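Peer 1: Below: one structure in structure tokens.
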């Protein structure tokens, strides 16, 4: 490994590299989505403010070297390598993709894993939603039937 790759990998996988260009379209789409529920005037004002801020902004300073950026592009484009976080020690692991896929396949072939006949997601979501509704209705019932604390603490003798 050359110095750029080694230096890049020491920064671990959760390191946020500053972009080369500001993602203007993504930012404006996010603002547009966020202001949909606002009144029209407020939404327009927020969008105009976002455009003003974007126009006055400059590209952020690079937080990796040019060698590290080149190494990052090279590693991302290399389909023969799989880069993963290590199970321990907040480290990065580089594996041969073929070896990695074989290892995953062998782990999934043990009897404790089996393919399901159907997708259980909908059923699980329905059951979870029912449980959440039941909890909320139980809390509302308890709040509605609980005596008011002020009324139970103050008696007619206190007044």
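Peer 1: Scan 4, 30 and give me the residue that is outside any loop (DSSP other than H, G, I, E, B), within 22 Å of the chain's Cα centre (by Cα) and surrounded by 11 or more Cβ atoms within 10 Å (Cβ to Cβ).
Peer 2: 30
Peer 1: When residue 22 is evaluated against the numbered criteria (1) in contact with a helix residue (DSSP H, G or I) (Cβ under 8 Å, 6 or more places away or on another chain); (2) assigned to a loop (DSSP other than H, G, I, E, B); (3) modelled with pLDDT of 85 or more, which criterion, by number, is the only one it fails?
Peer 2: Status for residue 22: all satisfied but (3).
Peer 1: Still on this model: Which of (1) within 27 Å of the chain's Cα centre (by Cα); (2) surrounded by 10 or more Cβ atoms within 10 Å (Cβ to Cβ); (3) modelled with pLDDT of 90 or more does residue 136 not meet, given it meets every other one?
Peer 2: With (1) within 27 Å of the chain's Cα centre (by Cα); (2) surrounded by 10 or more Cβ atoms within 10 Å (Cβ to Cβ); (3) modelled with pLDDT of 90 or more applied to residue 136, the lone miss is (3).
Peer 1: Next up: Here are some conditions: (1) modelled with pLDDT of 90 or more; (2) more than 30 Å from residue 30 (Cα to Cα); (3) surrounded by 10 or more Cβ atoms within 10 Å (Cβ to Cβ). Residue 71 meets all but one. Which one does it not meet?
Peer 2: Residue 71 satisfies all of (1) modelled with pLDDT of 90 or more; (2) more than 30 Å from residue 30 (Cα to Cα); (3) surrounded by 10 or more Cβ atoms within 10 Å (Cβ to Cβ) except (1).
Peer 1: Please specify each residue of the range 51-68 satisfying the condition of being outside any loop (DSSP other than H, G, I, E, B) and under 15 Å from residue 4 (Cα atoms).
Peer 2: Correct list: 66, 67, 68.
Peer 1: Residue 128: modelled with pLDDT of 90 or more and not in a loop (DSSP other than H, G, I, E, B), yes or no?
Peer 2: Answer is yes for this residue.
Peer 1: A follow-up question, please. Please go through the range 69-83 and give me each residue that is outside any helix (DSSP H, G or I) and in contact (Cβ under 8 Å) with a residue 40 or more places away in the chain, ordered by number.
Peer 2: 83
Peer 1: Any residue that is at positive phi, in contact (Cβ under 8 Å) with a residue 60 or more places away in the chain and either over 27 Å from the mean Cα position of the chain (by Cα) or outside the structural domain of residue 7 (by TED's automatic domain parsing) (or both) - is there at least one of those in the range 92-115?
Peer 2: No, the range 92-115 contains no residue that is at positive phi, in contact (Cβ under 8 Å) with a residue 60 or more places away in the chain and either over 27 Å from the mean Cα position of the chain (by Cα) or outside the structural domain of residue 7 (by TED's automatic domain parsing) (or both).
The values are calculated or read from the model by the stated rules, or taken from the named source; none is laboratory data. Model, not experiment: these values are computed from the prediction. Here the Cβ is made from the backbone with ideal geometry for all residues, glycine too, and neighbour counts use every protein chain on show.
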